[in-house]
Structure formats: structure tokens, C-alpha cells
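Working notes, beginning with the structure itself.
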Amino acid sequence: MDLAAMGSTTALEAQRRMLRIRRFDERASKMVKRGQIPGTVHTSIGQEAQVVGATMALGDDDYMTGNHRSHGHPIGKGSPLGPLMAELVGKGTGVCGGKGGSLHLADFNVGSLGESGIVGSSIPIATGAALSSKVLGNGRVSLAFFGDGAANQGCLYEAMNMAGTWDLPVVFLCENNQYALSTPAHTVTSGVIAERAAGFGIPGVRVEDGQDFLAVFDAVTEAVERARRGEGPTLVEVVTYRFNEHSEGLRLGVDYRDAAEKASWLEKDPIVLFRKHLVTEGVATDDELDALEREVDAEVEEAFEFSQTSPFPDPSVAFADLYTEPFGPTHLSRDGAKSAEQAFSTIGA
Amino acid sequence: MAKSTMSFLGAIGAAQKEAMDADERVVIIGEDVEANVYGTTGAGKSRKDKGDFLQMYGRNRIRNTPISEEVIVGAAAGAAMTGLRPIVDLSYSSFLYMAMDQFVNQVAKNRYMFGGQASMPVVFRSAMFYGLNTGAHHSDRPYPMFMNVPGLKIVVPASPSDAKGLLRTAIDSDDPVLTFEACMLWGLKEEVEEDEYRIPFGVARTVREGTDVTVVAIATAVPEAVKAADALAEEGISVEVIDPRTLVPLDSRAVLESVAKTGRLVVADPAHKTCGAAAEISAIVAEEAFDALKAPIARVVTPDTQIPFSPALEKQLYPNRESIADAVRRVAGARPRQLADAR
Ligand SMILES: Cc1ncc(C[n+]2csc(CCOP(=O)(O)OP(=O)(O)O)c2C)c(N)n1
Ligand SMILES: [Mg+2]
């Protein structure tokens, strides 16, 4: 699709969302270094076109699941930044009330059914959401984000087979950033990931330039439309590159990525590229795009402030939301003589 | 209310049919459910006119799955998070391990991890084929492993009436439920209410009242404990048999009240000894009712070995009327007065 066909509103929204991810993750990285985030985070810096190209191909009501590299997915789907940032810090106002953290962001309001810290493990969940759409006939499509590393988990192939036989409206989106932590994908991956789809009789598409928002958007849009028409799943592999270390603060002491390779990919910054495109095609002026950047900066600043001023959750929250109605061993929960915490700690429930 | 004779398996089928009729969002997925291979997705007596569930409800709601337990369990979870109420037939309980990641990391954690955004109305049924010479790969009793996973509810029915009423409650639950059905009980028959009814979770059934020894029994150990109690009554020992029915939530109060009355506890549990359901129940009683105990607690369980094929080897391993009766005699004869004297 060219920019004229897309329309300036959508094109600018894409740039805004990519920038949100970039600035959000830059801030999160800084916060890790300053000790403002407990634990670590995995950024999507460098992969924004791949993320937003996919999320913007989805409708508001569509579902998605993700993985540990997880801030970009809900942001790309339109989730407000404040509760996401507060979640990274473990605040009560976090999108999961402080119980998920960076690895487990989820915002059901935008169809984000959750990010999985277990590599590959959320692929069946997205497949099930597609089953639900199919049975209920509600037209919703589901998309599973996973990495090149996750592409070697067996559950992906169980899911592609099930989705293929049942024509489920699901898109399997492989974010091939060419490494799983320190392991180059080609050293552990037999054949081409996208070509594996053929074995299940479903389309497999490889987006060679995952730094190009429009290329990703087009490929995923086609897969989403196919799913919505009831024609079943598609595997889309997007080739991209993460600019930062696997996780923030990680020091491996080995250069598993070649310096020249890294430098050549840093040249292909998806946000810089799309900005240029917007200007040359006359969708926006440099001034307008500068203003957009300032708006996003302010948004991230506000989210940061929100994360800092929000209170931590009450300790009792550790015992909430395990079940829809809490219970412990009946001798504790029924007589009310002991606290819920004691009841839970006794049974381990 | 009208009652009719139902088998354990028939009662499960009846509950599934009730739920399918009551709520369009209920679907049944699993291997070979379309052909009613395991006998719980058929129309029962009216099979000739109506066919099986497949003919009654259609393939949209009755779905044969590939043999892919990991995605079966995960997809059921994803479907439950987005508006369906799946009943998953996993056939043999031993196959649950194939989907351990999905059970532990997705099914049990998603509601909690996402701060209550997800609800997970899904039931995972599986049958424990122990005692039937199926060998080590088909005779597991894995419910204690899942009791160890916060976020799951664990049901082990031991009678046709309980199987029907507990399954309805399970399907109504907005939390994930695993039911473990002992195959040796499949043929058990009794009068069961034909109308809909539900049995609340966390409420034990006192199968038989008694005053001398409490036997908490699970699955096939329940009818065996009743047989043991019959025999012991003739010896002058009065046994109270309690079936917890749900292990999570556990009606610990019922157990403690019974032990307060009898002062003696035997737990009969066909799962392995280490970290089994019997271990948990024993620990709760030791923690909460130590003063009431007149004798050490006895566990009658499956020893920590794998399950052999040969009937000559397998039969001896599970709690039966003899081993339960022996344990009751042991705790009843533990001379509480001697213990008191020794203090
Ligand atoms: C089942 C499982 N195995 C291993 C890990 C540890 N781990 C976390 S991320 C990661 C690399 C994943 O690579 P990929 O899927 O390509 O995603 P990327 O980090 O490149 O985005 C590994 C090995 C894990 N979290 N889960
Ligand atoms: Mg990778």
C-alpha cells in the first residue's frame, strides 16, 4: 500500500505509535539503569515497524498475545502509557495492578490478552481466542507475536495444525530479529521459518524488510483480511533487528553480533525511515513531525510521572485475583477467625 | 424429583448434556469426542433417535482435536478468556503432562498475573485408568501435582450423583477446574436425580457416620472405605467415612470436626505417598487438631513406585478394603491411655 491509499491519519498514527514505543522503551531502559524498575526489561527498540505494522493491521476488537519483549505490543494496539509504565515499576495503578510487571503486560481493553514470559507459551492462547471468535461468529481475528527462538517450540506447530484444520482466524507473527538471546537463529533453525507453513497447507509469508512499516502492514493486513473472511490462519515472518541488548543491563562479555552487521542495521532505523517517507510523500512537514515527537515525549514524561507518584499496591493484593471468588481451607475461610492471608498461606492456594 | 439409575459415566454424560442445552457458550473439545469413544458425549438411551452429541449440537460445538495436548489445553484457555466455556476431554489423566506448561503457566496464572482481567471458565476432564492393567503410561493419579498449583480447582468425584452435580458446578465456575474421574468407578450405579442440580465445591460428603475413627477417602478409596467400615462394624469399631469430593477447595473443616469427634484419622488416597493429597490432609489435621488426636495419623496410599502391568503386581498397590481396615485397626488399637501415661 502506498501512503496515499493509506491516508495521512493512519500514516501519522503509525508514526506516533512507533515513537511511543521508542520513547517508552528508552525511558524504561534508563529507569532500569537508575534502579527505578525492579528486575529487567526487554525493549523493542529497532523493531517498531514490525510491531506497529502488525498491531495496526488489527482492528480494535481483535485479540493478540505476546512474549517477553512485550511493551511494544500493547502500545502498538493503543494501550495508554501511564498504566503500562506503572506496571513496570510494580505500582497498584499498573495495568495488571502490579502483579505482572514488564514480562506480563496485558490490557484486555485493547484486546491484549497478555504477554508470556515462557517462550512460545502464548501461541496456543491466541489460537484459542480465534477458536472462540469462530464458534461465536463475532468476526474477531487473533494474532500471536513470537520470536525466532520461539519458532522452534513444538506448541507453534500444534497450533498451526489445529488452526489450519479448523480454519481459525489467527495470524502467527514471527518477529525474526535473528537472535534468541545470544544464539543466531540460523544456527538453530532448520530451513526458513515462513516456509514451514507449507507443511500445514497454510500461507507462509516472509517480510524481508521488517524495518519498512508499509511492508509489514501490507503483509499482515492481507493475513488479517484472509482470517476475517474465514479462510484460516497465515504465518508471517518479519525479518528485523533489535538495537539494544537482549535485555537492559545484560553484559555478556562476548560479541555474538558482528559489529558491521549491527552497524548496517542501525542505519535502518524504522522511525527515521518512515519519517523520511512521510516528508517526501508530502504527508507531513518536518515541523509537523517535530511537533508529533514533542507530543509523544510529553506523553512518556507524563506516564513516567504517573509511575512515580502512584502508590504501591497494598500487600493484601498478593492474595487477590487467584480465583474469581477467594477461598482457603474451609476451617479458616468460613469462621473468619483467621485472616485471608493466613488461610492462603496455609493451603498454598 | 424424578430419579433414575445412572452409572458414573452416564452421570457425567448427563451433566455435559445439561450444560450443552443450557448455554450456547459451552463446547466440548477433545480427541475422539465426535464418535463418543469414551462414552460421555452420547445421547445415552435416546442415541438411536438422536445420535450422539455431534448430531445433536453440531461440529461447531463438538470438536475432535488433533492429538496435541499442549495446544488443546492452551486453546481452551484462550477460548475461555474470550467468551467460551469449554469442556475439554483429555481422555487419560496421564496425558495431562504433555500440557504441563499450559496448565501451570497459562491456565493457572493468567487471571492472577494480569490483575484479574482474565476469567478462565474451562473444565479439563480426564480419566484415571489405574487398577486396570494399563501399565505405567496410563495409570497415573496426578491430582496432587495440580493441587500444588495455585489457581486451579481440583475435583475427584467418587459416586454417580457427585459426578453429575460437581461437573455442573465445574462448568458454571469462572475459574479453571480439573476433574479426575477414576475408571474403576465408571460402572458404579445408583439412583441419581434426573433434574439439574449442583454440588458446591469445598463441601465434603459424610458417606457414613461413625465415632471411633475418621477415614478420609478419595476416588476408589471411598467405596473401599465403606466396605472396610462394614467389616469393622462387626468387630465393634465405628468408622466415619468422609469424601472431600473437591481437593481444592478442600473442606478441611469437615475433616477437623470429624477428627475432633473420633480422635483418630486414616487417609486413604490412591495417589502416591510423597506430597499426595493424603499428605496435605494429614498436615492440616496435625497443625490444627493435634490436641484431638489420640493416635498417630495413618496414610493408606500408593507406595512411591511406578505402576507395573501384571495384575499380580498392580492390585496390591492401591488402597483397598483390607489395607484401609488394617490401618483403622492400627490406629484404633494405638492405646491412647498408654500414650497419656507416657507423658
Ligand atoms: C520456555 C523458555 N525457555 C527459555 C527462556 C529464556 N529466554 C527468554 S527470552 C529468550 C530468547 C528468546 O528469543 P526469541 O524468541 O527470538 O525472542 P527475542 O528475545 O529475540 O525477541 C530465552 C532463551 C524462556 N523465558 N522460556
Ligand atoms: Mg529473536
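Between a first residue in region A:228-257 that is touching a residue at least 24 places away in the same chain (Cβ under 8 Å) and more than 16 Å from ligand 1 (Cβ to nearest atom) and a second residue that is open to solvent by 50 Å² or more (accessible area, probe 1.4 Å) and in a loop (DSSP other than H, G, I, E, B), which pairs have beta carbons less than 8 Å apart while being 6 or more apart in sequence or on different chains?
A:Gly230/A:Asp167; A:Glu231/A:Asp167; A:Gly232/A:Asp167; A:Pro233/A:Asp167
Could you tell me how many of the residues in region A:167-179 are within 16 Å of ligand 2 (Cβ to nearest atom) and away from every other protein chain (no Cβ under 13 Å)?
Here the count works out to 7.
So which residues in region A:134-179 are over 19 Å from B:Pro66 (Cβ atoms), within 15 Å of ligand 1 (Cβ to nearest atom), assigned to a strand (DSSP E or B) and touching a strand residue (DSSP E or B) at 6+ places or on another chain (Cβ under 7 Å)?
A:Phe145, A:Phe146, A:Gly147, A:Leu173, A:Cys174, A:Glu175, A:Asn176 - these are the residues of region A:134-179 that are over 19 Å from B:Pro66 (Cβ atoms), within 15 Å of ligand 1 (Cβ to nearest atom), assigned to a strand (DSSP E or B) and touching a strand residue (DSSP E or B) at 6+ places or on another chain (Cβ under 7 Å).
Mind checking which residues of region B:85-121 are of a type in the set (Ser, Thr, Tyr), surrounded by fewer than 20 Cβ atoms within 10 Å (Cβ to Cβ) and within 30 Å of A:Phe312 (Cα to Cα)?
Selection gives B:Ser119 alone.
Search region B:17-40 for residues being at positive phi and in a loop (DSSP other than H, G, I, E, B), and hand back the single one that is surrounded by the most Cβ atoms within 10 Å (Cβ to Cβ).
My answer is B:Asn36.
Go through region A:113-132 and count every residue that is away from ligand 1 (no atom under 16 Å from the Cβ) and either over 16 Å from A:Thr165 (Cβ atoms) or surrounded by fewer than 24 Cβ atoms within 10 Å (Cβ to Cβ) (or both).
Number of matching residues: 3.
Mind listing whichever residues of region A:71-91 are open to solvent by 10 Å² or more (accessible area, probe 1.4 Å), touching a Phe, Trp or Tyr at 6+ places or on another chain (Cβ under 7 Å) and over 14 Å from A:Gln308 (Cβ atoms)?
None; the set is empty.
What's the number of the only condition in (1) open to solvent by 10 Å² or more (accessible area, probe 1.4 Å); (2) out of contact with any Lys or Arg (no Cβ under 9 Å at 6 or more places or on another chain) that A:His104 fails to meet?
Result: A:His104 fails condition (2) only.
Looking at A:Gly164, A:Gly210, A:Gly147 in this structure, which one is more than 16 Å from ligand 2 (Cβ to nearest atom) and of a type in the set (Gly, Ala, Ser)?
A:Gly164 is the lone residue from the list that is more than 16 Å from ligand 2 (Cβ to nearest atom) and of a type in the set (Gly, Ala, Ser).
Note down all Cβ pairs under 6 Å where the first residue falls in region A:124-151 and is more than 7 Å from chain B (Cβ to nearest Cβ), the second is away from ligand 1 (no atom under 16 Å from the Cβ) and in a helix (DSSP H, G or I), and they're at least six residues apart or on different chains.
Short answer, once both residue conditions are applied: A:Arg140/A:Ser133; A:Val141/A:Val224; A:Val141/A:Ala227; A:Val141/A:Arg228; A:Ser142/A:Ala129; A:Ser142/A:Ala130.
For region A:96-112, which residues satisfy the criterion of being facing chain B (nearest Cβ under 7 Å) and either more than 14 Å from ligand 1 (Cβ to nearest atom) or among the polar types (S, T, N, Q) (or both)?
Result: A:Cys96, A:Gly97, A:Lys99, A:Gly100, A:Ala106, A:Phe108.
Collect the residues in region A:180-211 that are within 12 Å of ligand 1 (Cβ to nearest atom), open to solvent by less than 50 Å² (accessible area, probe 1.4 Å) and of a type in the set (A, V, I, L, M), keeping them in residue-number order.
A:Ala180, A:Ala185, A:Ile193
Specify which of the listed residues (A:Leu58, A:Leu84) is in contact with a His (Cβ under 8 Å, 6 or more places away or on another chain) and away from ligand 1 (no atom under 15 Å from the Cβ).
It is A:Leu84.
How many residues does region A:180-207 contain that are touching a strand residue (DSSP E or B) at 6+ places or on another chain (Cβ under 9 Å), assigned to a strand (DSSP E or B) and within 16 Å of ligand 2 (Cβ to nearest atom)?
Count: 3.
What's the total number of residues in region B:284-304 that are of a type in the set (Asp, Glu) and more than 26 Å from the chain's Cα centre (by Cα)?
Selection size over region B:284-304: 1.
Before we move on, is B:Thr65 touching a helix residue (DSSP H, G or I) at 6+ places or on another chain (Cβ under 8 Å), open to solvent by 10 Å² or more (accessible area, probe 1.4 Å) and β-branched (Val, Ile, Thr)?
Spelling it out, B:Thr65 is indeed touching a helix residue (DSSP H, G or I) at 6+ places or on another chain (Cβ under 8 Å), open to solvent by 10 Å² or more (accessible area, probe 1.4 Å) and β-branched (Val, Ile, Thr).
Could you check how many residues of region B:125-177 are assigned to a loop (DSSP other than H, G, I, E, B), within 14 Å of chain A (Cβ to nearest Cβ) and within 22 Å of B:Pro86 (Cα to Cα)?
8
Is it the case, given these coordinates, that A:Gly114 is under 19 Å from A:Thr43 (Cα atoms), more than 15 Å from ligand 2 (Cβ to nearest atom) and outside any helix (DSSP H, G or I)?
Yes; evaluated as a whole, the condition is true for this residue.
Where in region A:30-101 are the helices (runs of 4 or more DSSP H), entirely inside, with at least 3 residues that are assigned by TED's automatic domain parsing to the domain that holds A:Leu181, under 14 Å from the mean Cα position of the chain (by Cα) and not small (Gly, Ala, Ser)?
A:48-55, A:72-76
Which of the residues that make up region A:68-126 are more than 15 Å from A:Ile37 (Cβ to Cβ) and modelled with pLDDT under 95?
none
When region A:152-161 is examined, which residues are found to be within 16 Å of ligand 2 (Cβ to nearest atom) and either at the interface with chain B (Cβ under 8 Å from one of its Cβ atoms) or open to solvent by 30 Å² or more (accessible area, probe 1.4 Å) (or both)?
Across region A:152-161, the qualifying residues are A:Asn152, A:Gln153.
Scan A:Leu266, A:Leu289 and give me the residue that is away from ligand 2 (no atom under 16 Å from the Cβ) and either open to solvent by less than 50 Å² (accessible area, probe 1.4 Å) or of a type in the set (Val, Ile, Thr) (or both).
A:Leu289
What pairs come up if the first residue lies in region B:73-85 and is closer than 17 Å to B:Gln117 by Cβ and more than 7 Å from chain A (Cβ to nearest Cβ), the second is open to solvent by less than 10 Å² (accessible area, probe 1.4 Å) and among the small types (Gly, Ala, Ser), and their beta carbons are under 9 Å apart, counting only those six or more places apart or on different chains?
B:Ala80/A:Gly128; B:Ala80/A:Ser132; B:Ala80/B:Ala118
Which members of region B:257-282 meet the condition of being among the small types (Gly, Ala, Ser) and under 19 Å from B:Val203 (Cα atoms)?
If the condition is that a residue be among the small types (Gly, Ala, Ser) and under 19 Å from B:Val203 (Cα atoms), then B:Ser258, B:Ala260, B:Ala268, B:Ala277, B:Ala278, B:Ser282 are the ones that fit.
The conditions are (1) of a type outside the set (Phe, Trp, Tyr); (2) surrounded by 24 or more Cβ atoms within 10 Å (Cβ to Cβ); (3) within 16 Å of ligand 2 (Cβ to nearest atom), and A:His68 fails exactly one of them. Which is it?
(2)
Given the criteria open to solvent by 10 Å² or more (accessible area, probe 1.4 Å) and either on the phi < 0 side of the Ramachandran plot or modelled with pLDDT under 95 (or both), does B:Ile199 qualify?
Taking the combined requirement at face value, the residue satisfies it.
Going by what's in this entry, would B:Pro270 be described as of a type outside the set (D, E, K, R), outside any loop (DSSP other than H, G, I, E, B) and open to solvent by less than 50 Å² (accessible area, probe 1.4 Å)?
yes
The values are calculated or read from the model by the stated rules, or taken from the named source; none is laboratory data. Because the structure is predicted, anything quoted here is derived from the model rather than measured. Counting neighbours? That spans all protein chains shown, and the Cβs are built from the backbone with ideal geometry, glycine included. Ligands, DNA and RNA are stripped out before the accessible areas are found, and what is left, the full protein with its side chains, is counted by its heavy atoms. Shrake-Rupley method; radii C 1.70, N 1.55, O 1.52, S 1.80 Å.
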